[in-house]
Structure formats: C-alpha cells, structure tokens
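Student: Next up is a structure, given as structure tokens.
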Amino acid sequence: MHPPAQSFRERFPDAVIGVKEAFGELTVSVRNDRIVEVCRALRDDPEWSFDFLSDVSSVDHPDAEERFEVNYHLYSIDKHHRVRLKARVSEEDCRIASVTSVWAGANFMEREVYDLMGIEFVNHPDLRRILLTDDFDGFPLRKDYPTEGRGWRSTFEFLPTTEGPVS
Amino acid sequence: MNHVPTPTTKRSSTDEFGVIEHVPDANDGDAAVLRTEELLLNMGPQHPSTHGVLRVVLDLEGERILKATPHLGYLHRGTEKLAEGKTYQQIVTLTDRLDYVCAMTNNFAYVRAVEKLLGVQVPPRAEYVRTIVAELQRISGHLFWLGTQALDIGAMTVFFYTFREREILIELFEKLCGARLTYSYYKVGGVSDDLTPDIIAALRAFLKAFPDKIIEYNTLLETNRIWLARTKGVAVISAEDAVSYSLTGPTLRGSGVNYDVRKAEPYAAYADVEWDVPLGKNGDTYDRYYIRLEEIRQSARIVSQCLDKLPEGPVSIDVPGITFPAKERVMVDMESLIHHFKMACEGIRPPKGEIYCATEAPKGELGFYINSDGGNHPYRLKIRSPSFVHLGAFDHMARGYLIADIVTIFGTYDVVMGECDR
C-alpha cells in the first residue's frame, strides 16, 4: 500500500523530479540537495507519518549521466504504507546529505552504502567502512569492480609453513 | 584486553576509538588524587556470547560502559555481489547462509521478493505449507535464542530443554527436504516437497506435547532470581528510540510498538488464521523474553490451524521459465527436457523494474530489494537484514550498563552474524 502519488508532487513541487508506480510500489525521485528536507517533512507530516526507515540501498548505473542512485525505503507504522525515495548522484560529485538527523537508524545503513558503493554522506556522525577493512581499496558493489576481486588477497603475507610435507 | 597506553601517550583525535580524555597522572600534579582514567576493552571477535564473530570496543569508566563501538564484517562474504552473477534460483542457496539458524525464513523472504517481481501467485496448498514451515522455523529459532541466551547469562539447564524440542523440528525438516540447516526448501513458485502423511502425524504429535514444554521452560526461568536480575531493566529502549533506530521483530515489539509484517501486510496464509501479536511494556530484555515465548505459542497456534485447513492440490506452480518441470516428465517427455535444460542454463527472466519485499523473520523485518534489468540475474540485490540494523542501536542501548550486562545486550537482539555481515 502506498499514499497517492499526486500528494508528493503537490507538497514538494520543486523537490520532486518524478513519481512512478510499479509492482504496487511508489517510487518518488527527489533532487539530491533536498533529500533531508523531504525526509523530515515525510516523517513529521501527519498525512504521511513515515516514522520508520526500512532500508537505505544504492544502485550503480555506470552509463548513466548521474551514475549512482540512493534508495530510501520508508514505512509508516501507523498508516501501514510504504514509499521509496530515490536520489541520483554523479560520479564526480559523489555526495549526498545524511538523514541520520531524521532517523537514527540511518547511521549504519549509510555507512554500509559508503563502504560498498563509495557514496559519501555529508554530515554523517561517523562515516567509516563498516563491513570491509579500513585499508580496503575500492568499492566492491560498483559494476566496474570484479566479483573475484583485484588481486589484493594474493599480496597477503602468510605465516611460514614447515618445510616439506608434514609426515 | 587492550589497556589504554600510559597517560603520557597522547592519543590523536583521529584515533580509531575517538578522543580519550586523560586525567593527569600522579607525577604531574596533585599526588594525593587517585588516578582515574577511561579504559578501552576489546571484546571479541572470538567470544562465546557473540554467536559468531563480532568485535566490540568498550569505553569503560570502572565497570560502566560509556561507549560501545561494534566492528562488523568478520563474516562478510559479499553475498550481494555474488548474487549479481547468479541466476534467480541459484540465489536461494545463498540466502540459506544468511541467518543460518533460520534458513527457511530467509528462503521464504527471497522467493517472495522474486515472485512479487514476476507477479506469480502460488497455489493455496503451497501458501499453507509455506506458513507451516515458516512458523516451525520461528519456533526453532526462538528456542535457539532462549537456550543460548539463558546459557550466556548463567542458566545452563534451559539449553538442554529447548534443544530437545529444536532437534525434533530439525528432524522434521530433514524428513521434509533432506537437510538439517541449509534447507533451500522454498523455490520460486512454491516449495520443493509436499508434507507427507507421516510428517503431518509427527507434527501433530509435536504440537500436542509442545504447550507443556513451553510451561517447562517458563518454570525454569520465570521465578529464577538470577534470570530476573539479569534481564529486567537491561537493554531498555523506549518506543520512540526503537522506531527511530529502525528496530523490528521482538526487539521492537518489546517496547510496545505494534509492527509485525505478518499482520501489517499479510502474506501466505496469515490472514486466514487467528493469532495475536504479543507486545511488551518496558522495552527490556525480560519483555523480549516474554514476547518470544508468547510468539512460540502463537506460532504453534498458527501451525495447528493451518494443518486443519490445509487445502489439497499442488505445492508449486508448473510454468515453463519459472519452475523446473517434474523429474518424471523430464525422463519421458521431450518438451519437458527442453524446459529443464533452458531453466538450468538460462533461469528465470523477470520483467524490468525494482521491488522491495519485507517478510517477518524470527529476528525482525527481513527485506529484499531487487533491481532487475530484465536479465536472468538480478542487476542489484540488497538484503535488509534485521541483525545488521539492530547492531546500529547497540551503542545506544549499551551505554550506562555494566560489562556483565553486555552479554545480555548482545543476546537481546538475537543477533546472527552471518545475516549481519552477509
């Protein structure tokens, strides 16, 4: 279930770029510099009351003009409806404002997006890698990162083994 | 254990653990003042109570926790990246290895997401069988939690009791699909095997005996002074904070927030049976214990109603391009052989688009976001795992408690690191 698509256009005429309904879900594309403002309004406005951030995820479209998309899945516990907010960022200016001030749970979710996709969240309180090691090079969920890795593992030093086969 | 270096070592503000304020030591000031300083304590990644590999760095003042920083990723296997190179039916086996304690619900959450993308409706019997198996998995997952949580905080006996019943359920699953932990039982379009009469008989016998067993666990703990002292008022989170931190499942409901995906967005057979969502009041570990115990009862209630109403018919759709044809037909029928071959080589091709599908796993909301470009493997697959999100609230919930409570706070979420690190 989702709120009427038109209500988003009416409420944020210059922040909403596009609205799309598919598979029973509503996707609202938002200008990337307005994301925090829209999120806060969606949370606080009793018409929507999107108090729950289900998930933050990202998709890489290497050929698109604005390469990355950040998806926010919102849910309202009172009204039982969902919406997906979508913001695009380019590779050159790979930054978007953090929504941690709106939902505390965004902290880890945004760190994961930063870690695996390399999108920087401005004003994030603690933006560090979360699943990978701090010295990891590259962002593995980008499409130009090979699944088998870039050979980093073969440079690891291993503990010396005993000479010859173990009898 | 990592002790803070001697106070003369200045920690820079870029230090991994943040700035540590030092009280001047006895040499450079008032010698009569007792030296006090914050202590950094490293816990894990190998620690029996973390149920996997989780490392937490604790900032301590005496025994009190000032800050807890979880360091995740020791079990990161790149499931989301791997999924981008696999066909849709191959990914089912990857989902087994997320929350390996409750593999059935992971399979369920994933196949539901793919079915939503395909617009497929599974047969009524499949819906019921799915509900039965998912609820049995919830019972076994909660029994696992109860046993290990009690073991961690000093009540060893409960473990033997809960694992006794969990073993019965695992044997039932083994009879059903041949595996004890990594089931891959759900498939896109239905389930792989039907419930046989002897499984149903065994299940009914289990359900008949089970209510007394729940009373048994409860008598071991309900009036146990150690259990009460170590769970009441520990890991408290208010309803507002729990929602803000995106907590789900029993962890959220312990704070009195009524959000259960099975009720909010009913799927499978949940709308056809009667059951209640237990809610807590205080948002502490004891309330979560109470809720999980009550959920076990409700699950048993759902299963027995589903068994009574179980419709006849197939347990899977039979559509070329979505499901494999039956093996008997493949042996004798040329067309079925071709369909089988095409399924194995090409797999399923859902339409272009993106979906998010949430399912109530024993630990909370397990969501799959699938972005499809119309090809035979997902363009992007994102797993919203409850354990990962719950650890985001760990620091908030651990502050102010004692070191001894850390074990309870780990356990209160029912964290499984395979799902958290993915």
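The values are calculated or read from the model by the stated rules, or taken from the named source; none is laboratory data. Computed from a prediction, not measured in an experiment: that's the story for all the values here. Ideal geometry is used to build each Cβ from the backbone, glycine not excepted, and the neighbour counts take in all protein chains shown.
Student: Considering only the stretch B:106-124, how many residues are among the polar types (S, T, N, Q) and within 23 Å of residue B:416 (Cβ to Cβ)?
Tutor: The initial filter retains those residues of the stretch B:106-124 that are among the polar types (S, T, N, Q), namely B:106-107, B:121.
Subset that is within 23 Å of residue B:416 (Cβ to Cβ): B:106-107.
Going through the stretch B:106-124 one residue at a time, the tally reaches 2.
Student: Could you count how many residues in the stretch B:310-342 are within 30 Å of residue A:71 (Cβ to Cβ) and crowded, with 16+ Cβ neighbours inside 10 Å? Break it down into steps so the answer makes sense when it comes.
Tutor: The initial filter retains those residues of the stretch B:310-342 that are within 30 Å of residue A:71 (Cβ to Cβ), namely B:317, B:319, B:321-323.
Pick out the ones that are also crowded, with 16+ Cβ neighbours inside 10 Å and you get B:317, B:322-323.
Within the stretch B:310-342, residues that are within 30 Å of residue A:71 (Cβ to Cβ) and crowded, with 16+ Cβ neighbours inside 10 Å number 3.
Student: Here's a follow-up. Can you tell me how many residues in the stretch B:268-298 are over 18 Å from residue B:162 (Cβ atoms) and either in contact with a strand residue (DSSP E or B) (Cβ under 6 Å, 6 or more places away or on another chain) or of a type in the set (Lys, Arg) (or both)?
Tutor: Taking the stretch B:268-298 first, the residues over 18 Å from residue B:162 (Cβ atoms) are B:268-284, B:287.
Narrowing the set further to residues that are either in contact with a strand residue (DSSP E or B) (Cβ under 6 Å, 6 or more places away or on another chain) or of a type in the set (Lys, Arg) (or both) leaves B:281.
Final tally of qualifying residues: 1.
Student: Considering only residues that are in a strand (DSSP E or B) and touching a strand residue (DSSP E or B) at 6+ places or on another chain (Cβ under 8 Å), which ones fall in the stretch B:176-205?
Tutor: First pass over the stretch B:176-205, keeping only residues in a strand (DSSP E or B): B:186-187, B:190-191.
Within the stretch B:176-205, B:187, B:190, B:191 qualify.
Student: OK, next. Name the one entry in B:164, B:180 that is closer than 30 Å to residue B:312 by Cβ and among the basic types (Lys, Arg).
Tutor: B:180
Student: Out of A:132, A:127, I need the residue that is touching a Phe, Trp or Tyr at 6+ places or on another chain (Cβ under 8 Å), of a type outside the set (D, E, K, R) and in a loop (DSSP other than H, G, I, E, B). Which one? If you could, list the steps in order and put the result at the bottom.
Tutor: Values: A:132 fails: touching a Phe, Trp or Tyr at 6+ places or on another chain (Cβ under 8 Å).
Every option except A:127 fails the conditions.
Student: Based on this model, can you work out whether residue B:322 counts as modelled with pLDDT under 90, among the aliphatic types (A, V, I, L, M), closer than 15 Å to residue B:110 by Cα and not in a helix (DSSP H, G or I)? Show your work before the answer.
Tutor: Details: modelled with pLDDT under 90: yes; among the aliphatic types (A, V, I, L, M): yes; closer than 15 Å to residue B:110 by Cα: yes; not in a helix (DSSP H, G or I): yes.
Judged against the criteria, residue B:322 is a match.
Student: Looking only at the stretch B:276-289, decide whether some residue is acidic (Asp, Glu), surrounded by 18 or more Cβ atoms within 10 Å (Cβ to Cβ), away from every other protein chain (no Cβ under 14 Å) and assigned to a loop (DSSP other than H, G, I, E, B). Please lay out each step first, then the result.
Tutor: Looking only at the stretch B:276-289, we keep the residues that are acidic (Asp, Glu), and these are B:276, B:284, B:287.
Imposing the further condition that a residue be surrounded by 18 or more Cβ atoms within 10 Å (Cβ to Cβ) reduces the set to B:284, B:287.
Among the residues that remain, those that are also away from every other protein chain (no Cβ under 14 Å) are: B:284, B:287.
From what is left, the residues that are assigned to a loop (DSSP other than H, G, I, E, B) are B:284.
Looking through the stretch B:276-289, at least one residue is acidic (Asp, Glu), surrounded by 18 or more Cβ atoms within 10 Å (Cβ to Cβ), away from every other protein chain (no Cβ under 14 Å) and assigned to a loop (DSSP other than H, G, I, E, B).
Student: Any residue in the stretch A:73-87 that is of a type in the set (Asp, Glu), over 28 Å from residue B:255 (Cα atoms) and without any contact (Cβ under 8 Å) to a residue 60 or more places away in the chain?
Tutor: The answer is no, given that none of the residues of the stretch A:73-87 is of a type in the set (Asp, Glu), over 28 Å from residue B:255 (Cα atoms) and without any contact (Cβ under 8 Å) to a residue 60 or more places away in the chain.
Student: Can you give me the ranges of the strands (runs of 3 or more DSSP E) entirely in the stretch B:335-385 with at least 1 residues that are among the basic types (Lys, Arg) and in contact with a Leu (Cβ under 6 Å, 6 or more places away or on another chain)?
Tutor: Values: elements: B:353-361, B:364-372, B:380-384.
Counting at least 1 such residues, we get no strands (runs of 3 or more DSSP E) at all.
Student: Return the residues of the stretch B:386-422 that are within 14 Å of chain A (Cβ to nearest Cβ), aliphatic (A, V, I, L, M), out of contact with any Leu (no Cβ under 7 Å at 6 or more places or on another chain) and outside any helix (DSSP H, G or I); say none if nothing qualifies.
Tutor: Selection gives nothing.
Student: A further question on this structure: Pick from B:362, B:350: which is within 14 Å of another protein chain (Cβ to nearest Cβ) and buried (at least 19 other Cβ atoms within 10 Å of the Cβ)? Quick ask: steps written out before the conclusion?
Tutor: Numbers: B:362 fails: within 14 Å of another protein chain (Cβ to nearest Cβ).
Checking each option against the conditions leaves just B:350.
Student: Let me ask you something else. Just to be sure before I move on: is residue B:378 assigned by TED's automatic domain parsing to the domain that holds residue B:138, more than 26 Å from residue A:107 (Cα to Cα), at pLDDT 90 or above and not charged (D, E, K, R) in the structure I sent? Quick ask: steps written out before the conclusion?
Tutor: Working: assigned by TED's automatic domain parsing to the domain that holds residue B:138: yes; more than 26 Å from residue A:107 (Cα to Cα): yes; at pLDDT 90 or above: yes; not charged (D, E, K, R): yes.
Here the answer is yes, as residue B:378 does meet what is asked.
Student: May I pose another question? Let me spell it out: the conditions are (1) surrounded by 20 or more Cβ atoms within 10 Å (Cβ to Cβ); (2) within 14 Å of chain A (Cβ to nearest Cβ), and residue B:271 meets all of them except one. Which number is the exception?
Tutor: (1)
Student: Of all residues being hydroxyl-bearing (Ser, Thr, Tyr) and either more than 15 Å from the chain's Cα centre (by Cα) or more than 10 Å from chain A (Cβ to nearest Cβ) (or both) in the stretch B:247-267, which is surrounded by the most Cβ atoms within 10 Å (Cβ to Cβ)? Just the residue, please. Give the derivation first.
Tutor: Our first condition is that a residue be hydroxyl-bearing (Ser, Thr, Tyr); within the stretch B:247-267, this holds for B:248, B:251, B:255, B:259, B:267.
So of that shortlist, the ones also either more than 15 Å from the chain's Cα centre (by Cα) or more than 10 Å from chain A (Cβ to nearest Cβ) (or both) come out as B:251, B:255, B:259, B:267.
On the way: B:251: 29, B:255: 23, B:259: 24, B:267: 20.
Across the stretch B:247-267, the extreme among qualifying residues is B:251.
Student: Looking only at residues in the stretch B:280-306 that are polar (S, T, N, Q) and either within 12 Å of residue B:214 (Cβ to Cβ) or not assigned by TED's automatic domain parsing to the domain that holds residue B:155 (or both), which one is nearest to the chain's Cα centre (by Cα)?
Tutor: The first filter runs over the stretch B:280-306 and keeps only residues polar (S, T, N, Q), leaving B:282, B:285, B:298-299, B:304-305.
Right, trim to either within 12 Å of residue B:214 (Cβ to Cβ) or not assigned by TED's automatic domain parsing to the domain that holds residue B:155 (or both) and you get B:298-299.
Working: B:298: 18, B:299: 16 Å.
Selected residue: B:299.
Student: Hey, does the stretch A:145-157 have a residue that's assigned to a loop (DSSP other than H, G, I, E, B), touching a residue at least 24 places away in the same chain (Cβ under 8 Å) and surrounded by 13 or more Cβ atoms within 10 Å (Cβ to Cβ)?
Tutor: Step one: list which residues in the stretch A:145-157 are assigned to a loop (DSSP other than H, G, I, E, B), which gives A:145-152, A:156-157.
Next cut, touching a residue at least 24 places away in the same chain (Cβ under 8 Å) only: none.
No, every residue in the stretch A:145-157 fails to be assigned to a loop (DSSP other than H, G, I, E, B), touching a residue at least 24 places away in the same chain (Cβ under 8 Å) and surrounded by 13 or more Cβ atoms within 10 Å (Cβ to Cβ).
Student: In the stretch A:39-72, how many are in contact with a helix residue (DSSP H, G or I) (Cβ under 6 Å, 6 or more places away or on another chain) and touching a residue at least 60 places away in the same chain (Cβ under 8 Å)?
Tutor: 1
Student: Let me ask another. Testing residue A:1 on (1) within 11 Å of chain B (Cβ to nearest Cβ); (2) among the hydrophobic types (A, V, I, L, M, F, W, C); (3) in contact with a Ser or Thr (Cβ under 7 Å, 6 or more places away or on another chain), one condition comes back false. Which one is that?
Tutor: Against the list (1) within 11 Å of chain B (Cβ to nearest Cβ); (2) among the hydrophobic types (A, V, I, L, M, F, W, C); (3) in contact with a Ser or Thr (Cβ under 7 Å, 6 or more places away or on another chain), residue A:1 comes up short only on (3).
Student: Might you check whether a residue that is within 13 Å of chain B (Cβ to nearest Cβ), touching a Lys or Arg at 6+ places or on another chain (Cβ under 7 Å) and outside any loop (DSSP other than H, G, I, E, B) occurs anywhere in the stretch A:31-45?
Tutor: Filtering the stretch A:31-45 for residues within 13 Å of chain B (Cβ to nearest Cβ) gives A:39-40, A:43-44.
Still in the running and touching a Lys or Arg at 6+ places or on another chain (Cβ under 7 Å): none.
There is no residue in the stretch A:31-45 that is within 13 Å of chain B (Cβ to nearest Cβ), touching a Lys or Arg at 6+ places or on another chain (Cβ under 7 Å) and outside any loop (DSSP other than H, G, I, E, B).
Student: I need the full set of residues from the stretch B:341-389 which are among the aliphatic types (A, V, I, L, M) and touching a residue at least 60 places away in the same chain (Cβ under 8 Å), in order please.
Tutor: Applying the first criterion (among the aliphatic types (A, V, I, L, M)) to the stretch B:341-389 yields B:343-344, B:348, B:355, B:358, B:361, B:366, B:370, B:381, B:383, B:389.
Selection gives B:343, B:348, B:355, B:358, B:361, B:366, B:370, B:381, B:383, B:389.
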